[in-house]
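Step one of this worksheet: look at the structure below.
A short reminder: the numbers here are calculations on the coordinates, not readings from a lab. Quick caveat: nothing in here was measured; it's all calculated off a predicted structure. Neighbour counts run over all protein chains shown; Cβ positions are idealised from the backbone, glycine included.
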Amino acid sequence: MSARAGVRLAVDVGDVRVGLAASDPDALLATPVMTLRRDANRGSDLRMLLKIIADRAAVVVYVGLPLSLSGTETPSTQKARDYAVALAAQLAAQSSPTEVRLIDERLSTVSAAEKMRAAGVEAKNQRSAIDQAAAVEILTHALDMRSALGQEAGTLVEIDPET
């Protein structure tokens, strides 16, 4: 297993909100952090995410990649890829060692909604927390895969320094 200890973050990127979850430094447990309002025009959500990455000294950020159940790309897939590339580019510009990785997030929101419903949270009250809960699902999946594989899960987002 990679000996690289440290906090891992996961983001669930939506058109309106970005859910955020974090692990403990030993990368064992995922907990919700916050929901950011998506701001594609001014990038305030990315700036806040960069601040959280720095404050928590995160070593990896997993960006959920929404694929269809059959594993094919969806209209949301490219939006998540673009978000991951923008994040990786900003981290690279800051000379940050934090990796950005894309990870399959199929059914994370569905699973999060089911767990919230099972916990007695009414559907109308889920909106404020569903993005964080989906990020927890994404991070839990990534941490489980990391443990099983003995290496970081997902696909590394690489930035071409020429661009």
Query raised in the report: Which of the peptides 147-160, 74-87 is most tightly packed, and how do the rest follow, going by the mean number of other Cβ atoms within 10 Å of each residue?
Result: 74-87, 147-160
Query raised in the report: Non-local amide H neighbours of residue 34 (under 5 Å, H modeled in plane, Pro and chain starts lacking H): which ones?
Result: 20
Report summary line: Protection proxy (average C-beta count within 10 Å per residue), highest first, orders 14-23, 137-146, 94-103 as 137-146, 14-23, 94-103
Report task. Report the FRET efficiency, 1/(1 + (r/R0)^6), for residue 93 and residue 4, where r is their Cβ-Cβ distance and R0 is 30 Å, rounded to 0.05. Result -> 0.85
